[in-house]
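What follows is one structure encoded as structure tokens, with my remarks underneath.
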Amino acid sequence: MDNLFRRTGIDVPEPVRRFLQGETDTWLRVEEYRDGNTLVVRTDIPGIDPDKDIDITVTEGNLNIVARRTEPAHKDQPGYRSEVRYGEYSRSVPLPRGADTDNVEASYIDGVLEIRAQIPEQSGASATKVHVSRGGSQSPEAPENFVT
């Protein structure tokens, strides 16, 4: 299905794409914004070791994040109860065209993973007015069978 979206050029939000592919709760929720000429992607992943539990790659213009949170050793202790989600989580974020994929930087501070990628300077959005011409040879007056 991912290839279908890519071939048709349909931009489907990550949660919708994952739902259609049958994945319901294995994706990371991200915060994404521009800081000047830098794209900043942040996600909360507390309780992991970033050196061994996070993989970040850039493939085909997408920033791919995979994080793993393993269950603690004390999970078999009497009275153990947990509402924390464990397992592998991932997310793919499309990078803007022209992003510098060779110099992506990541940091992990206080349970927050922050990834920064340099992007081209955004020029102001310009609009071009398109003239609409009338088809055929009708005059601008109302057609003969038009009732007023």
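The table below gives the values:
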| quantity | calculated |
| --- | --- |
| Of the chymotrypsin sites (Phe, Trp or Tyr not before Pro) in region 80-129, those whose Cβ has at most 12 other Cβ within 10 Å and which sit in DSSP loop | Tyr80 |
| Packing-based exposure ordering (other Cβ within 10 Å, fewest first) of Thr38, Thr128 | Thr128, Thr38 |
| Most to least packed among 69-78, 27-36, 111-120 [average Cβ atoms within 10 Å] | 111-120, 27-36, 69-78 |
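Laboratory data are not the source of any read-out in this text; all were calculated from the coordinates shown. Note that the structure is predicted; figures quoted are calculated from it, not measured. Glycine also receives a Cβ, built like all others from the backbone with ideal geometry; neighbour counts cover every protein chain displayed.
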